[in-house]
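Structure record follows, encoded as structure tokens.
The values are calculated or read from the model by the stated rules, or taken from the named source; none is laboratory data. All values derive from a computational prediction rather than experimental measurement. When we count neighbours, we look across all protein chains shown, and the Cβ atoms used for this are built from the backbone with ideal geometry, even at glycine. These area figures cover heavy atoms from the full protein model, side chains too; ligands, DNA and RNA do not enter into them. Shrake-Rupley method; radii C 1.70, N 1.55, O 1.52, S 1.80 Å.
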Amino acid sequence: YNKNILPNVKIYTNIEYAYSCSKVYKLNTGAEIPALGLGTWQSPDEECFNAVYTALTAGYRHIDTARVYQNEEAVGNAIAKYLKDTDTSRDEIFVTTKLWCTEVQDPKRALTESLKRLKLDYVDLYLMHWPVTMSPTFNELFPKSKDGKSALLIDFNEWNYVNTYKAMQPLIELGLTKAIGISNFNIPKIEYLLSQPDVTVIPACNQVEIHPFLPQQDLIDYCKSKEILVECYSPLGSTGAPLLKNEVIIQLSEKYSVSPACIVISWAIARDTVVLPKSVHDVRIESNLKTIELSSADVAEIDQVSKTTTQRVVNPPWGAEIPAVGLGTWKCTDEEC
Ligand code: NDP
């Protein structure tokens, strides 16, 4: 870090001034989690196998998958091959998978099936993918309403994310996961969850969309106050990596002589969040692991990007109740609020 950074160098594709990110955080369970992990959404089986194997070879020690990505088997095969080919042990790799919305009423069965596909005895982190319940089935990922137009959601009073979370808690004692967490939760939902009497395990992480177009500082601050580590998904702006065309990001990449992706990923690391860039291309996978230490002035400049462009890129119909911009209310007294 900070060594060999040449300001004002125009060629930004040269990443030799960046260093493989070895930063780790401590979860509220006491376990360590590498700050940078490989995302695997929209990585089909064969590409995913190569991506995960390449990532592990490059030095990644954190892989993020999910039941709904339909690539747990490929992730598992790549991990198994890497462990066989090297003297790395299972506990050196942090593996996350997620409970899908149709399977929330039986997380034990869902995780057991995920583990079978992953060829693992346990995962390091099991996340509730969305605070949403879809029509329960283990055979279909997106059951549709009668008109075939929308996902079939279950009424909040019938089965909600608190029920799901309570059903996830025993998975730790069963040894199926080292930690549990949440994903796509905003502040009111976390507050509601934590206020429930039978919720005894503080979520280890909240995985949400965060990038310079959607910095979510309020959510990060709130989670920190509750000892919940924030993980940033879609850090490059998801499909096609739109963030990398942003003027501010390009200018900074030229200043530090690194790729635009390196700037965006390093910004997430500077904010003490986990970051999960996805790629299926070897060169990108290898370069995304290399980060730099941005000056605080440059972090602040990237913080301002959302003032001109605010954008939520992952906005499925079942997430429609989460608008792109919400009013923060933390530290508002009752009357002010
Ligand atoms: P990202 O922001 O990681 O962007 C991925 C896109 O950027 C792909 O098109 C990829 O292309 C491209 N890309 C990657 N690296 C580079 C680079 N160095 N230069 C140029 N382009 C690049 O998007 P995701 O939405 O995939 O988010 C990351 C991960 O977060 C997911 O894979 C998943 O694990 C997690 N996630 C979780 C969600 C949740 O609900 N909990 C929702 C969404 C994501 P290519 O692959 O062709 O290289």
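Within the range 190-203, work out how many residues are closer than 16 Å to V274 by Cα and more than 14 Å from the ligand (Cβ to nearest atom).
Taking the range 190-203 and keeping what is closer than 16 Å to V274 by Cα, we get 203.
Keeping just the survivors that are more than 14 Å from the ligand (Cβ to nearest atom) gives none.
Residues that pass the stated criteria total 0.
Within the range 91-106, identify whether any single residue is within 11 Å of the ligand (Cβ to nearest atom), part of a loop (DSSP other than H, G, I, E, B) and of a type outside the set (S, T, Y), and answer yes or no. Within the range 91-106 (the criterion being within 11 Å of the ligand (Cβ to nearest atom), part of a loop (DSSP other than H, G, I, E, B) and of a type outside the set (S, T, Y)), the answer is yes, since at least one residue qualifies.
Looking across the range 278-296 at every residue that is within 16 Å of the ligand (Cβ to nearest atom) and hydrophobic (A, V, I, L, M, F, W, C), the one that is surrounded by the fewest Cβ atoms within 10 Å (Cβ to Cβ) is identified as V283. Selection of the range 15-72 for residues being within 12 Å of the ligand (Cβ to nearest atom), at pLDDT below 95 and farther than 29 Å from Y256 by Cβ yields only P44. Every condition in (1) at pLDDT below 90; (2) in contact with a strand residue (DSSP E or B) (Cβ under 8 Å, 6 or more places away or on another chain); (3) within 30 Å of L152 (Cβ to Cβ) is met by L276 except one, and the failing one is (1). The set of residues in the range 282-296 that are touching a residue at least 60 places away in the same chain (Cβ under 8 Å) and in a loop (DSSP other than H, G, I, E, B) comprises L289, I292, E293.
Across the range 98-134, what is the number of residues that are more than 20 Å from I202 (Cβ to Cβ) and open to solvent by less than 30 Å² (accessible area, probe 1.4 Å)? Of the residues in the range 98-134, 12 are more than 20 Å from I202 (Cβ to Cβ) and open to solvent by less than 30 Å² (accessible area, probe 1.4 Å). Within the range 234-251, residues that are on the phi > 0 side of the Ramachandran plot and within 6 Å of the ligand (Cβ to nearest atom) sit with their Cβ atoms under 7 Å from residues that are of a type outside the set (A, V, I, L, M) and assigned to a loop (DSSP other than H, G, I, E, B), at 6+ positions apart or across chains, in these pairs: G237/F213. When the criteria are applied in full, V299 fails the requirement of being within 14 Å of the ligand (Cβ to nearest atom) and either among the hydrophobic types (A, V, I, L, M, F, W, C) or part of a loop (DSSP other than H, G, I, E, B) (or both).
Test D45 against the criterion of being open to solvent by 10 Å² or more (accessible area, probe 1.4 Å) and among the charged types (D, E, K, R), and give yes or no.
So D45 passes the test.
When the range 107-146 is filtered for residues that are of a type in the set (F, W, Y) and not in a loop (DSSP other than H, G, I, E, B), only Y126 remains. Residues in the range 173-217 that are open to solvent by 10 Å² or more (accessible area, probe 1.4 Å), of a type outside the set (D, E, K, R) and without any contact (Cβ under 8 Å) to a residue 60 or more places away in the chain: G175, P188, Y192, L194, S195, Q196, P197, V199, T200, V201, Q216. Would you confirm whether or not the range 252-259 contains a residue that is open to solvent by less than 10 Å² (accessible area, probe 1.4 Å), more than 8 Å from the ligand (Cβ to nearest atom) and at positive phi? The answer is yes, given that some residue of the range 252-259 is open to solvent by less than 10 Å² (accessible area, probe 1.4 Å), more than 8 Å from the ligand (Cβ to nearest atom) and at positive phi.
I265 meets all of the listed conditions (1) over 16 Å from E209 (Cα atoms); (2) touching a Ser or Thr at 6+ places or on another chain (Cβ under 7 Å); (3) at pLDDT 95 or above but one, namely (1).
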